Amino acid sequence: MNKDEIIQQKYIQKAKAYVEEYKKLIGHEPSSCVVTFGCQMNARDSEKLCGILEKAGFILTDDENADLVVYNTCTVRDNANQRVYGRLGFLHSMKKKNPNKKIVLCGCMTQEESVVQKIRESYGFVDLVFGTHNIFKFAELLCDMFSSDEMVVDIWEDTDKIVEELPTKRKFSYKSGINIMFGCNNFCTYCIVPYVRGRERSREPEDIVNEIEKLSKDGVKEIMLLGQNVNSYGKNLDRDVTFADLLRMVEKIDGIERIRFMTSHPKDLSDELIEVMKDSEKICRHLHLPLQSGSDRILKAMNRRYTKESYIDLALRIRKEIPDIAITTDIIVGFPGETDEDVDDTIDVVRRVKFDNAFTFIYSKRTGTPAASMEQVDEQTVKRNFDRLLRVVQETAREAVSKYEGQVMDALCEDVNEHDPALLNGRLSNNTIVHFPGSPDLIGSIVPVRLTECHGFYYIGELCRK
Ligand code: 5AD
Ligand code: SF4
């Protein structure tokens, strides 16, 4: 444990005493609810928040009627911010009925000065606001909150600290995310992430391996290595270690059956990584490789540092080396200056790479990023191009996903289907979901499933013997 970890363990004890007092005040066991917005990194952060809340004496629930509610926010697009403001209004009405309710706001949104200003001015009922760099201080901040009558705000500009050995409460028993690096140095011109998550910092490989070994002993079968750009893992470490090296180390850990990772930047994806994936028994047959645009002119303006043809070359090379791989992507429509011809180029890439799935986003102007001061595209053009792209994406994805109809593949049973309790939701190595009849005690195990019917993005299947 490092110094910060030891200090925070002490604050957890202190927070416990505050929670005891709070329990007397409210007259029942205090409950807490953490709501996650945004990506896998936030989901992992929420597990840490839950771990500390539980250790401090809160019961965890999914109900926002809880005594303490945490919103772990995202700010990658403006609609994420608007959703949080809307829901804060809803929490306010709850707090009017229950004045002892505590409201906490953290995550990427709070790293923006304008957001904190707005919270101070118009959302005075919020009790605690902190950012992404000091999340490890949550126990200490809870103590500050309980001992203050005013809103507590603690936001750090940046950090070089890595504080990971604190309690976590995993959402799933059989799978887990692991942070391998934090922040991003790429400064794509539309993206706010480098401003709110700070500079790139990699964790030492031994720390990552130790954490995964512990998870494995705990029954975890599938892990997801997390970072904004995992392909540049190790670049800021003193020793020579690449992401491919890290994967080789993780592959050796007994008990771990599946390895995933997120997200890869095409400009940094090495031949060595393709080799490691190809030879691996455990690395899943899925690669998320954000394209963003297929137009060289727009890619340049986005500062993505690859071209349309180099992206296609890379994707087709990966498909050739690993034929059963699924390639998914992110695409932005409506970046400043984008014309119909630029979108034609993007559509051309979609047709040639035949993505298994693509997340399509309408460009959202983020204050402080270079693209915010570029000439914006009118809404109608964006909408028209977005619909045009989406149609092609759906067509190619349906074709790519349905290739395996009739085959038997291993699925990790994740949970009971929310619409039909007789069905389980399973995930294939290539990340496609399959729903099939099965007993809940299969949850957490990997079973062979026949993919009987493809329904666009998912399958209906049946359990079988190979
Ligand atoms: N507008 C729209 N989409 C964005 N993304 C990142 N920033 C923006 C923005 N300003 C998308 C990118 C990225 C994904 C996580 O979110 O496609 O890959
Ligand atoms: Fe944002 Fe680009 Fe970094 Fe991804 S690589 S987080 S899109 S700046």
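The values are calculated or read from the model by the stated rules, or taken from the named source; none is laboratory data. This structure is a prediction, so every number in the text was calculated from the model and none was measured. For the accessible areas, the whole protein counts, side chains as well, though only heavy atoms, and no ligand, DNA or RNA atoms are used. Shrake-Rupley method; radii C 1.70, N 1.55, O 1.52, S 1.80 Å.
Solvent-accessible surface of the chain, taken per residue with a 1.4 Å probe and all protein chains present: 45 Å².
At a 1.4 Å probe, what is the % contribution of carbon and sulfur to the accessible area of the range 390-449?
Numbers: 1410 of 2760 Å².
Carbon and sulfur: 51 percent of the exposed surface of the range 390-449.
Note that the range 137-182 carries a Kirkwood radius of 13.7 Å, evaluated over its alpha carbons pair by pair. Note on Thr110: accessible area approximately 0 square angstrom, rounded to 10, probe 1.4 Å, nucleic acids and ligands left out.
Can you give the helix-only mean residue ellipticity at 222 nm for the chain, where every DSSP H stretch with n ≥ 4 adds -39500 (n - 2.57) and the sum goes over all residues, rounded to the nearest 500 deg cm²/dmol?
Per the formula, -12000 deg cm²/dmol.
Looking at the chain, what % of its DSSP beta bridges pair antiparallel, to the nearest 5? Before the final figure, lay out each step's value.
On the way: 23 of 65 bridges.
Once the DSSP bridges in the chain are tallied, antiparallel ones form about 35 percent.
Close amide H contacts of Ile59 (hydrogens built in the peptide plane, cut-off under 5 Å, sequence separation of 5 or more or a different chain): Ser31, Ser32. Averaged over every viewing direction, what's the projected area of the C-alpha convex hull for the range 253-398? Give it in nm², one decimal, please. Its Cα hull, projected and averaged over all orientations, spans 9.6 nm².
Average projection, convex hull of the Cα set of the range 308-361: 3.8 square nanometres.
Can you list the aspartates and glutamates whose alpha carbon sits under 14 Å from that of Lys24, skipping same-chain ones fewer than 8 residues off? By straight Cα distance, Lys24 reaches Asp67.
Take the Cα radius of gyration of the chain and divide it by 2.2 N^0.38 Å, N being the number of residues; the result is 1.01.
Which sequence of Met249, Met302 reflects their accessible areas, 1.4 Å probe, from the largest down?
Working: Met249 65, Met302 0 Å².
Final ranking, largest accessible area leading: Met249, Met302.
Working from the Cα coordinates of the range 85-165, the gyration tensor eigenvalues give, after taking √(5λ), semi-axes of 23, 15, 10 Å in decreasing order. Counting protein heavy atoms only, the range 1-96 has 52 percent of its accessible area on carbon and sulfur, 1.4 angstrom probe. Surface composition of the range 301-375: carbon and sulfur atoms hold 52% of the protein heavy-atom accessible area at a 1.4 Å probe. The equivalent ellipsoid of the range 111-202 has semi-axes of 25, 21, 12 Å, largest first, where each one is the square root of 5 times an eigenvalue of the Cα gyration tensor.
Please tell me which of these pairs span more than 29 angstrom C-alpha to C-alpha: Lys169/Lys354; Lys252/Lys320; Lys48/Lys278; Lys300/Lys365; Lys3/Lys48; Lys175/Lys365? Going by Cα-Cα distance, Lys169/Lys354; Lys48/Lys278; Lys175/Lys365 fall outside the 29 Å limit. Among Cys284, Cys50, the sequence by solvent-accessible area, most first, with a 1.4 Å probe is Cys50, Cys284. Among His92, His265, the order of accessible area from largest down is His92, His265, computed with a 1.4 Å probe on protein heavy atoms. Solvent-accessible area of Ile318, all protein chains in place: 0 Å² (probe radius 1.4 Å, heavy atoms, ligands and nucleic acids excluded).
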